[in-house]
Structures are given as C-alpha cells and as structure tokens.
Amino acid sequence: MQDNPSTRGSLVLYKSRPAIVTAVTDKIDIELEGGKTKRVRPKDILLLHPGPLHSLPALNGPEVDVTEAWELVAGGETDLEELAELIYGVYDPAAAWATWQRVVEGLYFEGEPGRIRARTSEQVAVDKADREARRAEEEAWDAFLQRLKQAKTEDQDRERLREVERLALGRSGGSRIMQALGIQETPAHAHRLLLNTGYWEPEQNPYPARNDVTLANPEIEIPSLPDEPRLDLTHLPAFAIDDEGSEDPDDAVSLDGDRIWVHVADVSALVAPDSALDREARARGSNLYLPDRVVHMLPPAMTGVLGVGLQETSPALSLGFRLDAEKKPVDLEIVKSTIGVSRFSYADIDRRMNEEPFATLGSLARDYRQRRMEAGAVSIDLPEARVRVSDDGVIQVSPLERLASRSMVTDLMLMAGEVVALFALEKDIPVPFATQAAPAEPGRPTDTAGMFAFRRQLRPSRSKSLEEPHAGLGMKAYCRVTSPLRRYLDLVTHQQLRAYLDGGPMLPVSALSERMAVAELASGTIRRTERLSNLHWKLIYLQREPGWQGTGVVVEMKDKRATLIIPELALESRLRMPTDVPLNTEVSLNVREIDLTDQKVWFRINR
C-alpha cells in the first residue's frame, strides 16, 4: 500500500472521516463530506487509497460478510490493500473505505491501514455478546421511551421509573429518562410523568420527602418520672379542651375563685437539656401534622405518660394568676403539680358556656381580649379548615367553626404565655420570647377582603432571647409555653422554668440562641410541609368530587382578574371575571381543572 497522500484524487482519512485530495502545494487541499474544503498539513491526514476518487458519495457500497477474510488472516497481519481484496475482491476507493470501516468497527480486525491484525476468536465472541446485549438494551430502552410517550407502562418499567421517582421526591437533581423525553428535569414535571404513566396514584404525597422531613416517629427510650415534690391540685376541676380527635392533650384550665390556673404537661420532667430526647426534638422542631398522620417530635409513648387527662392524674407545670382591674396577669405563681383532668371537645364546652366555670372563664377571656385589642392586637378572621384522611382513604375537609369555647381557650393560653414572660423577666430567667413587629399601616379590617389585604402587611413572628413586643397579640412580652409535647421551644421554656424552680443551672443566652436557630429552621420546614400537604389533599378531595359546587368570596380585583377565597375549603384561587366586581362579592363556583403537580385548581362561575 502506498503511503504518499500527495496525489490529487487520493482518498484520505481526516479526523476519522473520508476526504478527497483536491490540490497539493506546501499544504494539501481536501474536500470533505458535504462539499466543504479545507487546507491541512500532510501529518493531519492518512492515505487510504491513491485514487482517483471523484466523489465521496461514490464510497457507499453494499455490506458483505467478512468472516472468511478474517479466518484467512487469523494469527497474522495484513494491510488495507490486501484485506480489501480478500473481502471485496478488489482494491478501489470504495472497497478501501468499506474495509477501513470494518477495521474501525473493531470486531474482527484492529490496527492501522499499513498493519492490520485479525482479532482472536475469543475476543470476537466476547465482543459479539457485548454488542448484542447493548443492542438489546438499546431496543428495550427505545421501546420503554415509546411506551412513556403513549402514557403506558409494563411491569418491568417500574424499576427504570425509580430514577424519575427520586427526582419527584427531591432526592436527585436529574433524570436520564426525562432528558431523553425532552421534559424539564424538575420535581413537578417528574411528578406529572409518574401520574401520567400510572406509576404513582394521585394520593401520593411527595412533599414530606421533598422537604427532607421524616415520617417516622422517634424511637428513644423514655425515662421514668422522677420522684419529686408536687403541689396537689387534684381538688380543682381541670378541663382539657381540644379539637375532636386530638391525641396529644398538653394543656388544661381550672378556676379557683378569681384565680385562673393553666396546667401544661410537665414534659421537662422527662426531657433534660441535651439528652437524646432533647436533641431529637430540637432537630425536628415540632410535631408534623399531616392529613393522614401525625409524626411526633418526641416518642408517642411520652404522650401517654404526660398528656393531661390520659391518666387518672397527670404531672403538670401549673401557672396560677389573677387578672387585675386592667386585665393584666398579676399574683403570678408557677409550680410543679399533680392534677386530675377531664377531656372535652370545643363543641362539648360551647354548649356549656353559660355554666360555671366556663361562664366566668369566658368573661375573663373576653375582658383580656379587649385589653389586647386596645393595645393594638390584630384580629384576622379568615376561613380555616381541617383536612383529615382516614385509614381507609376517606377525605374530610371541615371548616373550623368560630366557637366561643375556642376563643376562650385561645385567650387563656395567651394569658399563660404572658404570665411566663412576665415571670421570666421578674426572675431573670433566659427564655425564648415570641416577638412580632408592628405592621407598616395599622388597621382594623372587618370584612374578608380587608383582612386578606391586611394579612400581607403582617411580619412573621420571631423568637428572640430578649423581650420585644408581639404586635399581633397586643403584648409587650410573650412566650409560647402551652405545647411542650409538640413544639420544641415551648419545651425549652419549660426546661428553663424547671431549672429555676429546682435551683439548678439554667441554659445561658448563647445556648438558648443556638436552640432557637435550629428549632426555627426545622419548624419552618414543618410548616411548609404541612401547608403543601394540606393543599395536596384538598385537591385530591376536589378530584374525587367532580360535581362539587361552592361559594367563593372576591378578596382582590385587578383588570377583571379576581382572587377568591373559598371558605368551606379555606382555599385561594384566581378567576377571570367578565367584568370587575366589588370586593366581598360572593360567586357560585364549580371546578374546571385541577393540576396536582403544580398544586393549582381553576374554577368557573356557575351560570
């Protein structure tokens, strides 16, 4: 075989592709596929045939069996010219190019044009098997993608789709499958693909996983209650008042003459600072309340031991106080106690609000609320709804009733928070204070649209180691303290109060600040997960009720685009109207379309 590529019309190899030499000067001009030309150095090209070759398309030729030539060369070497003659019976440009393609293929031959070796039968057998396996895999892959495009799957596809599921759950950042389908690689698009193919049922809730929230309860051994002195308050009737079905009662109320007692589960009796239980609760921040389950920040067994009213008597941290003439808490007392508690729902007590002690407690709560309102407290009364999913999958969306008993308990718990804040300031006890800056434009909205607009002004509540006003509550100092079974910073406050009562060391402000930072970050994730999960199940509820009809209240209007609140679902939506309508207008609606993956629902007006 000749090595000189300087002849015009020669077939040469340039960057693995064929080219024709068109002119030779100090450099070599070549013509590439597609008619493009290029000037190159001799060392940039490799001669395959001296020509003459007039057209690159002329290189296309039939496929032939090369096994006979391979067997003849077995155990030795040859060059491109001889191998072309063995395979094709001729050495012309087309045969040279086709032969070189067989060498590049690397199955039967390998080497350079001037020195080609036949591969061993063992090498050929292994490569054939590998290539057949790859070909089968490529065919299976192509068939799999075609099924996905048609929204169909087979049982064997589930293993492949786990890659998409990981993206949908936020556990990976990409998907080869979605790349191949030309679908944007986001959790929402992955979610949509899994729904369209039937890999996921609509009920699949991806938001806990996306937010990296565990659905497992803690499994940590809980200690026994310490044998310690407690004030016996079992002679006082104590009432734990919660929503129907509540499983973690952690507060109760009593009335002793004009003295109010708020009793809170004594969780710090079992959870010491920096214990395994404390660290677990700190990392979780709070209970996670999902429509289909509750995930606890502390082992559920602890609720059975400490939940008020779950045993004949309950250990508590009891806060005693009176309201003075200005309805401020005075004569403060905080004690470790033993109480006897009766449990009731809000609906139970609402029917008894004219009876004692509820009539007096209700009156005191109303007076206290009036004092807070006069101090600038904000009252936002927008619709709320509870979403519950039973073990058999039945969804209930229940608007929260505005009951006098619920308002009474809310204000009694706020009193407890103010009592602890005042007590901590008086005794110099470091605690996490709940604070909130005042809105930019104070107001007192009275209708739904006004409250919707005013809510946007409200700043988020913050936990701080120094007291500051809580503008939304109308208080100069406030602590959250009534839910230590389900909120970590409430537990921290209890730990500090217990340390003070026992005369032991309290956490310094630096340690308190670290706990606040960790817990608030975790609690923010919990709240986001709860909000997204509640909306998810509301949309499933509407999907299951194709004939649903309801009422929306217009709370915002701009260029014929209305923002609506649907009170019975506590759901916001947007709707194009035929004309601008007054705020607070009620509109009869039914469902037009639901997108689970983007968490959107569109309504239409009933005609």
TODO: Select from segment 164-208 the residues that are hydroxyl-bearing (Ser, Thr, Tyr) and touching an Asp or Glu at 6+ places or on another chain (Cβ under 8 Å) and write down the one among them that is nearest to ASP595 (Cα to Cα).
DONE: THR197
Open item on the list: Looking at segment 378-394, I want the residues that are small (Gly, Ala, Ser) and have a partner that is part of a loop (DSSP other than H, G, I, E, B) and modelled with pLDDT under 95 with Cβ atoms under 8 Å, at least 6 apart or on another chain. Which pairs are those?
Closed with: SER379/ARG444; ALA385/LEU400
- [ ] Identify the single condition in (1) touching a residue at least 12 places away in the same chain (Cβ under 8 Å); (2) out of contact with any Pro (no Cβ under 7 Å at 6 or more places or on another chain) that LEU458 does not satisfy, given that it satisfies every other one.
- [x] (2)
Task: Members of segment 531-545 found to be within 13 Å of ALA385 (Cβ to Cβ), touching a residue at least 40 places away in the same chain (Cβ under 8 Å) and not aliphatic (A, V, I, L, M), listed by number - done: ASN534, TRP537, LYS538, TYR541
TODO: Scan segment 154-198 residue by residue and report those that are assigned to a loop (DSSP other than H, G, I, E, B) and in contact with a Leu (Cβ under 9 Å, 6 or more places away or on another chain).
DONE: GLY173, GLY174, SER175, ILE183, GLU185, THR186, THR197
- [ ] Quick one: which residue in ALA151, ALA136, ALA140 is at pLDDT below 95 and assigned to a loop (DSSP other than H, G, I, E, B)?
- [x] ALA151
Open item on the list: For VAL591, only one of the following conditions fails: (1) buried (at least 18 other Cβ atoms within 10 Å of the Cβ); (2) out of contact with any Pro (no Cβ under 8 Å at 6 or more places or on another chain); (3) in a strand (DSSP E or B). What is its number?
Closed with: (2)
TODO: Could you tell me which residue of segment 509-547 is farthest from the chain's Cα centre (by Cα), considering only residues that are hydroxyl-bearing (Ser, Thr, Tyr) and under 30 Å from LEU589 (Cα atoms)?
DONE: TYR541
Task: Meets criteria (surrounded by fewer than 20 Cβ atoms within 10 Å (Cβ to Cβ) and touching a strand residue (DSSP E or B) at 6+ places or on another chain (Cβ under 6 Å)) for VAL40 - done: yes
- [ ] Could you tell me whether GLU355 is of a type in the set (Asp, Glu), assigned by TED's automatic domain parsing to the domain that holds ARG528, free of Cβ contacts under 8 Å to residues at least 12 places away in the same chain and part of a loop (DSSP other than H, G, I, E, B)?
- [x] yes
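Where in segment 383-496 are the strands (runs of 3 or more DSSP E), entirely inside, with at least 3 residues that are more than 27 Å from ASP324 (Cα to Cα), assigned by TED's automatic domain parsing to the domain that holds ARG372 and of a type outside the set (Asp, Glu)?
385-389, 395-399, 462-464
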TODO: Output the residue which, of all residues in segment 437-461 that are touching a strand residue (DSSP E or B) at 6+ places or on another chain (Cβ under 6 Å) and of a type in the set (Gly, Ala, Ser), is surrounded by the most Cβ atoms within 10 Å (Cβ to Cβ).
DONE: ALA449
Open item on the list: Out of ARG131, ARG147, I need the residue that is within 30 Å of GLY198 (Cβ to Cβ), surrounded by 12 or more Cβ atoms within 10 Å (Cβ to Cβ) and among the charged types (D, E, K, R). Which one?
Closed with: ARG147
Open item on the list: Looking only at segment 385-410, filter to residues that are surrounded by 21 or more Cβ atoms within 10 Å (Cβ to Cβ) and in contact with a helix residue (DSSP H, G or I) (Cβ under 6 Å, 6 or more places away or on another chain); which one of those is farthest from GLY552 (Cα to Cα)?
Closed with: MET408
Open item on the list: Return the residues of segment 374-384 that are under 15 Å from LYS476 (Cβ atoms) and surrounded by 13 or more Cβ atoms within 10 Å (Cβ to Cβ); say none if nothing qualifies.
Closed with: ALA375, GLY376, ALA377
- [ ] Report the residue count in segment 256-284 for those that are under 20 Å from the mean Cα position of the chain (by Cα) and either closer than 15 Å to LEU215 by Cβ or exposed (fewer than 15 other Cβ atoms within 10 Å of the Cβ) (or both).
- [x] 2
Open item on the list: Against the condition at pLDDT 95 or above and outside the structural domain of ALA281 (by TED's automatic domain parsing), how does VAL509 come out, does it pass?
Closed with: no
Open item on the list: Quick test of your reading of the structure: VAL294 fulfils all but one of (1) buried (at least 18 other Cβ atoms within 10 Å of the Cβ); (2) closer than 28 Å to SER407 by Cα; (3) not acidic (Asp, Glu). Name the failing condition by number.
Closed with: (1)
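One line per residue, one yes/no per condition, for (1) surrounded by fewer than 16 Cβ atoms within 10 Å (Cβ to Cβ); (2) under 28 Å from ARG131 (Cα atoms); (3) of a type in the set (D, E, K, R); (4) not assigned by TED's automatic domain parsing to the domain that holds LYS15:
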{"residue": "LYS36", "(1), (2), (3), (4)": "yes, no, yes, no"}
{"residue": "LEU53", "(1), (2), (3), (4)": "no, no, no, no"}
{"residue": "ASN60", "(1), (2), (3), (4)": "yes, yes, no, no"}
{"residue": "LEU80", "(1), (2), (3), (4)": "no, yes, no, no"}
{"residue": "ALA94", "(1), (2), (3), (4)": "no, yes, no, no"}
{"residue": "TRP100", "(1), (2), (3), (4)": "no, yes, no, no"}
Open item on the list: Between a residue in segment 555-580 that is over 11 Å from PHE603 (Cα atoms) and any residue that is basic (Lys, Arg) and buried (at least 17 other Cβ atoms within 10 Å of the Cβ), which pairs come within a Cβ distance under 8 Å, given they are 6 or more apart or on different chains?
Closed with: LEU569/LYS538; LEU571/LYS538
Open item on the list: With the condition being assigned by TED's automatic domain parsing to the domain that holds LEU485 and among the acidic types (Asp, Glu), I'd like the strands (runs of 3 or more DSSP E) fully within segment 199-271 carrying at least 2 qualifying residues.
Closed with: 251-256
Task: Some residue of segment 296-303 being of a type outside the set (Gly, Ala, Ser), within 20 Å of the chain's Cα centre (by Cα) and modelled with pLDDT of 95 or more - done: yes
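The values are calculated or read from the model by the stated rules, or taken from the named source; none is laboratory data. No experiment lies behind these values; they were computed from the predicted model shown. Virtual Cβ from ideal backbone geometry, glycine too; neighbours counted across all protein chains shown.
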